[in-house]
Number of protein chains: 4
Amino acid sequence: MKIKIFTTGGTIDKIYFDRKSEYQIGDPQANGVLERANVVLEYEVESIIRKDSLDFSDEDRELIRLKVESTSWERVIITHGTDTMVETAKVLKNISGKTIVMTGSMYPARFKDSDAVFNIGCAFTAAQILGPGVYIAMNGCIFNPHHVRKNVELNRFEEKIT
Amino acid sequence: MKIKIFTTGGTIDKIYFDRKSEYQIGDPQANGVLERANVVLEYEVESIIRKDSLDFSDEDRELIRLKVESTSWERVIITHGTDTMVETAKVLKNISGKTIVMTGSMYPARFKDSDAVFNIGCAFTAAQILGPGVYIAMNGCIFNPHHVRKNVELNRFEEKIT
Amino acid sequence: MKIKIFTTGGTIDKIYFDRKSEYQIGDPQANGVLERANVVLEYEVESIIRKDSLDFSDEDRELIRLKVESTSWERVIITHGTDTMVETAKVLKNISGKTIVMTGSMYPARFKDSDAVFNIGCAFTAAQILGPGVYIAMNGCIFNPHHVRKNVELNRFEEKIT
Amino acid sequence: MKIKIFTTGGTIDKIYFDRKSEYQIGDPQANGVLERANVVLEYEVESIIRKDSLDFSDEDRELIRLKVESTSWERVIITHGTDTMVETAKVLKNISGKTIVMTGSMYPARFKDSDAVFNIGCAFTAAQILGPGVYIAMNGCIFNPHHVRKNVELNRFEEKIT
């Protein structure tokens with residue numbers, strides 16, 4: 001088994017910016033997380049976009065879809081900004097034969113008490129066990145993209161009551 | 001769904017001890033990890049043993065088995081020292097109807113670059129998805145206790161070639 | 001000997017804010033830093049302002065001056081945003097009989113690799129040793145406010161060539 | 001002004017060792033601390049010993065003295081194990097014209113809440129300001145080696161009541 005990780009920016013990879021600076025996305029953090037965990041499974045990290053997900057265009061989402069479709073690896077993780085993660089997940093529907101797990105974090109991975117490492121652990125495990133489909137791994141749960149929302153007030157993902 | 005976490009000591013909960021001090025296990029770290037990840041699933045952490053797993057007696061393992069059997073929760077995580085994790089896993093075989101995931105860490109959770117947070121993320125996800133049985137979540141993989149060993153030289157768990 | 005610490009906000013106390021959120025200053029970090037260092041000297045932390053120093057008004061600076069003048073403690077540290085630290089330092093000139101050390105950080109104290117803890121260590125030591133006057137402790141140096149500038153490109157304080 | 005830093009091992013540079021492993025001192029941590037603080041003063045780190053200070057021989061102390069005497073730099077920091085720091089400090093008496101500041105930490109620098117970064121900040125500042133002599137910078141204070149002891153129960157340095 002082996003896992004492909006595409007990084008697309010978002011809070012998880014953010015570096016600090018002060019009031020005078022432009023907004024910035026730093027280097028992908030997933031690689032360092034997996035190295036420090038001394039993961040024995042084969043994996044590969046590829047940075048394809050570096051943006052706040054609020055700035056994603058349709059073209060960005062098409063690029064992500066294309067990348068997932070064209071990789072020969074069956075198990076894929078996408079790190080992504082949380083604000084439009086659900087929207088991108090829906091664009092990835094109907095890719096047959098692929099297990100796709102999206103994750104990100106509420107706090108930059110460079111923060112001391114960030115949720116980034118935990119979330120990548122969750123996504124890495126879900127990507128190995130689950131069958132084909134698109135999933136969102138956030139706040140310790142595995143969500144169906146059609147039944148989840150980001151609760152901005154509580155700063156977490158939770159099941160959407162429909 | 002809800003998850004019960006039993007902590008039993010081990011490296012993951014170790015605090016620093018200098019040359020003049022006695023060996024010590026500190027407070028369970030799992031609780032803090034799950035709080036910082038802002039986990040939305042119901043869970044409960046219970047500390048039942050505080051030992052280096054090299055010091056576990058048969059009675060300790062019986063206590064762990066008893067605790068797992070007697071909880072009404074179906075999904076259980078056990079944090080445990082790495083040196084005899086496999087041995088304890090075998091004692092937990094044949095508990096019907098329970099998903100039991102064991103984890104721990106190679107470096108204390110109090111270390112900056114510890115694998116503890118990642119491993120708890122992995123275990124927390126595996127405990128939700130997998131069916132009844134005993135599993136070991138270490139180094140990014142989900143192992144069958146009968147086909148895994150701790151490679152002391154490389155300081156990691158890996159599949160046992162039989 | 002005892003040391004009074006006034007906190008006024010700035011990057012050192014910033015918490016993460018995403019694109020959708022308002023800018024925010026969190027709880028003062030100096031207290032936690034001094035506790036973790038297990039400092040044996042008497043000290044007291046008092047939060048008087050919580051702002052980015054770019055937003056400081058003349059009234060804010062007057063408040064700081066008033067607070068420093070009215071404390072009976074002779075040795076004072078002020079944590080402060082870096083962008084106008086020098087400006088505030090100049091307002092504190094001519095307070096007789098007080099050793100005043102200003103510090104802050106380029107990265108929030110909540111970041112893993114922040115300079116905050118080091119800088120507070122520097123300021124805490126300078127405040128004990130130096131005689132009356134106003135000093136800026138940043139980037140490992142003790143600067144005279146009249147001969148220092150923030151180099152925004154290199155993101156550090158350095159001697160001003162005049 | 002410039003500062004020479006000799007590292008000699010001790011808790012500050014310890015890496016984790018489990019029950020089965022030999023005791024180990026890792027790479028000196030002072031360098032990383034000073035880099036992350038983006039220090040603008042000239043400094044140089046040189047590792048001369050890697051031992052728990054309980055294992056220091058008279059020869060080790062002679063080596064430290066020799067190194068301090070033979071450097072042309074006037075301001076010197078020595079990172080050192082806490083258990084015999086005072087003993088070594090006394091061996092460094094009567095080196096004329098040199099400001100020598102010893103420091104170390106109660107918890108390894110690799111720990112999340114270690115006192116190492118704060119202590120190095122204190123030592124770095126003391127080494128710049130103080131005149132010739134030997135000093136111990138621990139727990140936020142600058143001690144005279146003849147009037148300080150390590151209180152093992154409270155795990156801190158404090159003034160020795162004589």
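The values are calculated or read from the model by the stated rules, or taken from the named source; none is laboratory data. A quick note: this is a predicted structure, and the numbers were derived from the prediction, not measured. Every residue, glycine among them, receives a Cβ derived from its backbone with ideal geometry; neighbour counts consider all protein chains shown. Calculation scope for accessible area: heavy atoms of the full protein, side chains included, ligands and nucleic acids excluded. Shrake-Rupley method; radii C 1.70, N 1.55, O 1.52, S 1.80 Å.
Those residues that are open to solvent by 80 Å² or more (accessible area, probe 1.4 Å) and not in a strand (DSSP E or B), I need them from the range C:144-158; list them, please. Hits for the range C:144-158 are C:His147, C:Glu153, C:Leu154.
Yes/no per residue for (1) out of contact with any Asp or Glu (no Cβ under 7 Å at 6 or more places or on another chain); (2) more than 7 Å from every other protein chain (Cβ to nearest Cβ); (3) surrounded by fewer than 16 Cβ atoms within 10 Å (Cβ to Cβ):
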site	(1), (2), (3)
A:Ser70	yes, yes, yes
A:His80	yes, yes, no
A:Lys90	yes, yes, yes
A:Arg110	yes, no, no
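Residues considered: D:Val86, D:Val40, D:Val148, D:Val91. Of these, the only one that is modelled with pLDDT of 95 or more and within 30 Å of A:Phe111 (Cα to Cα) is D:Val40.
On inspection, C:Lys98 passes the criterion of being open to solvent by 10 Å² or more (accessible area, probe 1.4 Å), more than 14 Å from chain D (Cβ to nearest Cβ) and either touching a Pro at 6+ places or on another chain (Cβ under 8 Å) or not basic (Lys, Arg) (or both).
If I filter the range B:89-105 down to residues being touching a strand residue (DSSP E or B) at 6+ places or on another chain (Cβ under 7 Å) and not small (Gly, Ala, Ser), which single residue comes out as farthest from B:Arg36 (Cα to Cα)? Within the range B:89-105, the match that is farthest from B:Arg36 (Cα to Cα) is B:Lys93. The single condition among (1) more than 12 Å from chain A (Cβ to nearest Cβ); (2) of a type in the set (A, V, I, L, M); (3) free of Cβ contacts under 8 Å to residues at least 12 places away in the same chain; (4) touching a helix residue (DSSP H, G or I) at 6+ places or on another chain (Cβ under 8 Å) that B:Val134 does not meet is (3). For D:Asp52, indicate whether it is more than 14 Å from chain C (Cβ to nearest Cβ), without any contact (Cβ under 8 Å) to a residue 40 or more places away in the chain and closer than 30 Å to B:Asn151 by Cβ. For D:Asp52, the condition - more than 14 Å from chain C (Cβ to nearest Cβ), without any contact (Cβ under 8 Å) to a residue 40 or more places away in the chain and closer than 30 Å to B:Asn151 by Cβ - is not met. Against the condition out of contact with any strand residue (DSSP E or B) (no Cβ under 8 Å at 6 or more places or on another chain) and more than 8 Å from every other protein chain (Cβ to nearest Cβ), how does B:Thr162 come out, does it pass? Criteria met by B:Thr162. Just to verify a result, which residue in the range A:109-136, among those that are of a type outside the set (Val, Ile, Thr) and over 15 Å from B:Val117 (Cβ atoms), is nearest to the chain's Cα centre (by Cα)? Applying the filter and picking the extreme gives A:Tyr135.
Residue count for the range A:112-125 satisfying the condition of being at pLDDT 95 or above and surrounded by fewer than 24 Cβ atoms within 10 Å (Cβ to Cβ): 0. Checking each residue in the range B:143-152 for being touching a residue at least 40 places away in the same chain (Cβ under 8 Å) and of a type in the set (Val, Ile, Thr) picks out only B:Val148. Scanning the range A:126-143 for residues that are open to solvent by less than 10 Å² (accessible area, probe 1.4 Å) and either part of a loop (DSSP other than H, G, I, E, B) or more than 22 Å from A:Phe56 (Cα to Cα) (or both) yields A:Ala126, A:Ala127, A:Asn139, A:Gly140.
Results for (1) in a loop (DSSP other than H, G, I, E, B); (2) touching a residue at least 12 places away in the same chain (Cβ under 8 Å); (3) surrounded by 15 or more Cβ atoms within 10 Å (Cβ to Cβ); (4) on the phi < 0 side of the Ramachandran plot, shown as yes or no for each residue.
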position	(1), (2), (3), (4)
B:Phe6	no, yes, yes, yes
B:Pro28	yes, yes, yes, yes
B:Glu35	no, no, no, yes
B:Val39	yes, yes, yes, yes
B:Ser47	no, yes, yes, yes
B:Asp60	no, yes, yes, yes
B:Leu66	no, no, no, yes
B:Val86	no, yes, yes, yes
B:Lys93	yes, yes, no, yes
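In the condition set (1) of a type in the set (S, T, N, Q); (2) without any contact (Cβ under 8 Å) to a residue 40 or more places away in the chain; (3) farther than 25 Å from A:Glu35 by Cα, A:Asn155 is compliant with all but (2).
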